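Questions regarding the structure given below will be posed in turn.
Laboratory data are not the source of any read-out in this text; all were calculated from the coordinates shown. Computed from a predicted model, the values in this text were never measured in an experiment. Cβ placement follows ideal geometry from the backbone for every residue including glycine, while neighbour counts extend to all protein chains displayed.
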There are 2 protein chains.
Amino acid sequence: MLISELVRRADVPLATVKFYIREGMLPPGRTTSATRADYDELHLERLRLIRSLTIVAGLPLSRAKRILDIVDQPEGSLYRMLGMAIDALANSQPADPDSDRRYPRAEAALAALGPAYNASDERMTAFAQLDSALLAVEEVGMPVDAARLRLYGDHVMAIARTEMDGMPAGDPRAAVQYAVLGTALYEPVLAAIRRLAHQNLAVDV
Amino acid sequence: MLISELVRRADVPLATVKFYIREGMLPPGRTTSATRADYDELHLERLRLIRSLTIVAGLPLSRAKRILDIVDQPEGSLYRMLGMAIDALANSQPADPDSDRRYPRAEAALAALGPAYNASDERMTAFAQLDSALLAVEEVGMPVDAARLRLYGDHVMAIARTEMDGMPAGDPRAAVQYAVLGTALYEPVLAAIRRLAHQNLAVDV
């Protein structure tokens, strides 16, 4: 298809498409004449993926690029790649494994979260994120107590198990793409459902 | 306290504190001499709140300001204020009540989400967010089916009920602050726990 059709079908402005090509996030089309290039369904798919990461998941371009790099060139264990993706998703700096920084709130939370979270340690990037999220709610006078943490942990683990069960078997590349994108893209779905739940409950207040 | 102590205790750079004062997000200190002003615990609390919204919840300044405005000047029902806060949290444009735009994915999702979500309609801002989040996962070939939606809906509603139960009774201003900030600031806690859950599950893959 021509770039004009790609633009229309992906609902992304022409200048943005050209920018993604310059940035190496989207491969250029196949040149068919001095002024024309041909694009295919893979370009459309890729463009939609970039749009999902940036617009829906709200990631800055630099972090969306890191997620794409992980999906494009999967290396190492799923555990390691998921960790890299979670680094890229974080607002905060990733945990520095050489630092002696401690995460007292996340450590205290582990007991409340229960045995399913036993593998957690401070080298996990989400560990630092949990610590800073808990600090933030504490500082505004709305701490999460142990009972609430346990409730969060149980419900969230049930969700996460179902999500991991949906991972495609057999094809490691597809598995990585599912796990990495799932962490990023199912999150807005869950956030929207939680906000909808709050609004439903507030109707009666 | 002097501004230097405020800066140290809130762990926010001096230039940023001055910027928040200029923007009207933080009230100026009480002037004690031509070059000095005095700050109190309320300034510290406010500064921590701004930091939580911007750094931890990752909100751009303009949206953090809208959340602060709602908390500062609560008007109308809790339902309405929560709606305004959810508008401010969204990456996307809020739903336009005069538009005839439809949300086919969110509408289809309602049946799967179950009776607890019965009050949902397209005037709820989270409804448009759910629609675009569902479109995004569909476009990257990872749609959420009805069984998964039902699971999400049940677990998330259980979480939301407990959150709403924790709302301070008696003081409407405190209730609004809890509900509005809770939607914004417990979200990073839940997101961190979900990422931790994924990493815990990936250890064994």
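With the label 7 angstrom out along Cα to Cβ, how close does B:I21 come to the same site in each of the other copies, in nm, nearest first?
5.1
What nm distance separates the two modelled labels at A:E138 and A:R150, each placed 7 Å from Cα along Cα→Cβ?
Taking the simple label geometry, A:E138 and A:R150 are separated by 2.0 nm.
Also, quick follow-up: Distance between Cα centroids, region A:132-169 to region B:118-185: provide it in whole Å.
15 Å
Let me ask you something else. Placing +1 at every Lys and Arg Cβ and -1 at every Asp and Glu Cβ, with all other atoms neutral, what dipole size does region B:57-202 have around its Cα centre, in debye to the nearest 20?
Once rounded to the nearest 20, the dipole reads 360 debye.
Output ³J(HN,Hα) for region A:77-90: one whole-Hz value per residue in order, computed from phi by the Karplus curve 6.51 cos²θ - 1.76 cosθ + 1.60 with θ = phi - 60°, and x for Gly and Pro.
With coefficients 6.51, -1.76 and 1.60, one gets 6, 4, 4, 5, 5, 5, x, 5, 5, 5, 4, 5, 6, 5 Hz.
Kindly rank A:131-143, A:72-84, B:26-38 from highest to lowest mean number of other beta carbons found within 10 Å of each residue.
Ranked by mean Cβ neighbours within 10 Å, highest first: A:131-143, A:72-84, B:26-38.
Right, something else. Put +1 on the Cβ of every Lys and Arg and -1 on every Asp and Glu Cβ in region A:1-56; which of A:A15, A:L2, A:I50 then has its Cα farthest towards the positive end of the dipole?
A:A15
Under a 5 Å amide H to amide H cut-off, with H placed in plane at 1.01 Å, what residues pair with A:D38 once short-range neighbours are removed?
A:R30, A:T31, A:T32
Something else about it: Can you give me the distance in nm between label points at A:A108 and A:R36, each placed 7 Å from the Cα along the Cα-to-Cβ direction?
Spacing of the two 7 Å Cα→Cβ label points: 6.8 nm.
Follow-up. Let me see the pair-distance distribution of region B:1-56: every alpha carbon pair, 5 Å bin width, integer percents in order.
Per 5 Å bin, starting at 0, the Cα pair percentages come out as 4, 20, 35, 28, 9, 3, 1, 0.
Something else about it: Once you order the gyration tensor axes a ≥ b ≥ c over the Cα atoms, which shape class does region A:93-205 get: rounded for a/c under 1.5, otherwise prolate or oblate by comparing a/b with b/c?
oblate
Then there is this: If you stretched the chain out fully between A:R8 and A:S62, how much longer would it get, using 0.36 nm times the residue separation minus the C-alpha to C-alpha distance?
Gain on extension, A:R8 to A:S62, equals 17.0 nm.
What FRET efficiency comes out for B:Q73 versus A:E45 if R0 is 45 angstrom and r is the Cβ-Cβ distance? Round to the nearest 0.05.
Step by step, r from the Cβ atoms, then E = 0.45.
Let me ask something else. Do you know the relative contact order of chain B, to the nearest whole percent, from alpha carbon pairs under 8 angstrom that are 6+ apart?
18 percent
Quick one: 3J(HN,Hα) in Hz for region A:119-127, Karplus 6.51/-1.76/1.60 with θ = phi - 60°, rounded, Gly and Pro as x.
In residue order, the calculated couplings are 6, 5, 8, 6, 7, 6, 5, 5, 5 Hz.
Over the whole of B:167-180, what's the average partner chain Cβ count within 10 Å per residue? Rounded to a whole number, please.
1
Tell me, what HN-Hα J-couplings in whole Hz come from the Karplus equation 6.51 cos²θ - 1.76 cosθ + 1.60 at θ = phi - 60° for each residue of region B:146-161, using x for Gly and Pro?
3J(HN,Hα) across region B:146-161, in whole Hz: 4, 5, 5, 4, 4, 4, 4, x, 5, 5, 5, 5, 4, 5, 5, 4.
In addition: At A:L2, with labels set 7 Å past Cα in the Cβ direction, how many nm apart are the copies from this one, shortest first?
Values, ascending and in nm: 6.9.
What does the C-alpha gyration tensor say about the overall shape of the protein assembly as shown? Classify as rounded when a/c is under 1.5, otherwise prolate if a/b is larger than b/c, or oblate.
Judged from the Cα gyration tensor, the protein assembly as shown comes out rounded (a/c under 1.5).
What residue in chain B has the Cβ closest to the axis turning B into A, and how close is it in whole Å?
Its Cβ sits closest to the axis: B:H155, 2.
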